[in-house]
Amino acid sequence: MGPGPVNGDPRVLRAMSAALLGQYDPAMTALMTETQGLYRDVFRTANDATLLVDGTSRAGIEAALVSLIVPGDRVLVPRFGRFGHLLVEIAERCGAEVHVVDAAWGETVPLERIADAIALVRPKLVAVVHGDTSTTIAQPLEELGALCREAGALLYVDATATLGGNEFRTDEWGVDVVTAGLQKCLGGPSGSAPITLSRAAVAVIDSRRSVEAGIRADDEEAAPPAERIRSNYFDLGMILDYWGPARLNHHTEATSMLYGARECARVLLQEGLDAAIARHRRHGRAMLAGVQGLGLRPFGDLEHRMTNIVAVHIPEGVVGDAVRAAMLADYGIEIGTSFGPLHGRVWRIGTMGVNARRDAVLLTLAALEQALRRAGVAVPAGGGTEAALDVYGGKP
Ligand SMILES: Cc1ncc(COP(=O)(O)O)c(C=O)c1O
């Protein structure tokens, strides 16, 4: 019940134990094509360029940024938590001139401040996290795509922690590139990063496309483009050629992760995206009411909280890590603290993937009540579970 990774959906774990296939087996390429279609629905996009990057969510971020950024490009990062810092760091490593609009942790970055910064910086790319797991706050994105388009900038969004459990509309919001991971609302293991790219983003990548020597059939001496993408593994041009009709060899596709990613999408779409988001919202609301019922104070701007994680201040005098250790040792329940300035100041409790469930919420609240009492906090008896049950309104 932490901020992710969370328990894997049993269907996903089962799918991952299926027999391995070679990467040129027609069954394998058919699964790849099917998975692309499934993720178009998950991302709510018609983008042809929708695929998986092999690696954890950060592999998707790195692939997107290194493939789009030519050293010297101006990149603007609205930053409101740890994962905004990660975007800055990766963009800097790609040689970008990075500009930042900061908000305090626990808040969002106001759209007007982003608009002013875009006007000032004139970035090629705006890169932002949707839900920054470190603070549990989600940046509103509905109007950002139009703003970027007017300014001729591409918009990249890290939706690792929100996709599948929070509203996310790639095409409607005009987002050019979105990356995610499986280990949060999608209920799978980490190790595969779904990604989708608009035509405008693919055009940038096309201008930097190259084919590896030894793969090229005709012109073995072809010179690399002037601005060749500075990573081989994360070269989205090559990865698109691998997933596209040419099926040009690149890495050896991670077969079991492909099975897992496909099953995550199938589970989600069979439930229905809207239903899954509503489920995350409901159980997240119950968890929030529950921790408040225990007398804990939520952290951050509640109007903009992610559906799937609640952050609460650790009560004065309580050693947060000791309570977390007790929860894990005595009840087998993991909750998280946070990073940097919030480490040891807040706990983060997730309700996502298969853990966005009534019994998981109630058991966590009951265990937390007991762990808090043992830590010397005067907690109202049953205050957490009662408040959560009130949200459920008696309906399982
Ligand atoms: C919003 C966000 N972005 C990126 C990452 C990095 O993901 P990974 O650890 O899968 O590389 C995380 C991980 O928690 C995250 O929450």
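The values are calculated or read from the model by the stated rules, or taken from the named source; none is laboratory data. Quantities reported herein were computed from a predicted structural model and do not represent experimental measurements. Cβ atoms come from the backbone with ideal geometry, glycine included; neighbour counts cover every protein chain shown. In case anyone asks, the SASA skips ligands and DNA or RNA and just uses the protein heavy atoms, side chains included. Shrake-Rupley method; radii C 1.70, N 1.55, O 1.52, S 1.80 Å.
Some points to look at:
- Unit Cα scatterers, Debye sum, the chain: log10 I(q)/I(0) for q = 0.08, 0.09, 0.13, 0.14 Å⁻¹: -0.43, -0.54, -1.06, -1.19
- Whole-Hz couplings from phi, Karplus 6.51/-1.76/1.60, listed for the range 190-207; x for Gly and Pro: 6, x, 9, 10, x, 9, 9, 9, 6, 4, 4, 5, 5, 4, 4, 5, 4, 5
- Structure-based [θ]222 nm, the chain - -39500 (n - 2.57) summed over DSSP H runs of at least 4, per residue, nearest 500: -12500 deg cm²/dmol
- Solvent-accessible area, 1.4 Å probe, carbon plus sulfur percent, for the range 215-321: 50
- Close amide-amide hydrogen proximity is noted between Leu76 and His99, Leu125, Val126, Ala127, each under 5 Å apart and 5 or more residues distant or on a separate chain (H modeled in the peptide plane; Pro and chain starts excluded).
- Part-to-part distance (alpha-carbon centres) for the range 36-70 and the range 302-350, which is given in Å: 31
- Pairwise centroid distance, computed over Cα atoms, of the range 140-205 with the range 218-293, Å: 11
- Taking amide H as placed 1.01 Å from N in the peptide plane, the amide H of Leu248 sits under 5 Å from that of Tyr242, each at least 5 places away or on another chain.
- Basic side chains Lys and Arg get +1 at the Cβ, acidic Asp and Glu get -1 at the Cβ, and with that the dipole of the range 28-165 about its Cα centre reaches some 120 debye.
- Rough spin-label spacing in nm, given labels placed 7 Å along Cα→Cβ, for Arg297 and Glu386: 2.3
- Net length gained if the chain between Ala246 and Glu271 were fully extended (0.36 nm per residue, minus Cα distance): 5.6 nm
- Of the GluC sites (Glu not before Pro) in the range 292-396, the ones in a loop by DSSP (not H, G, I, E or B) with at most 11 other beta carbons within 10 Å are Glu316.
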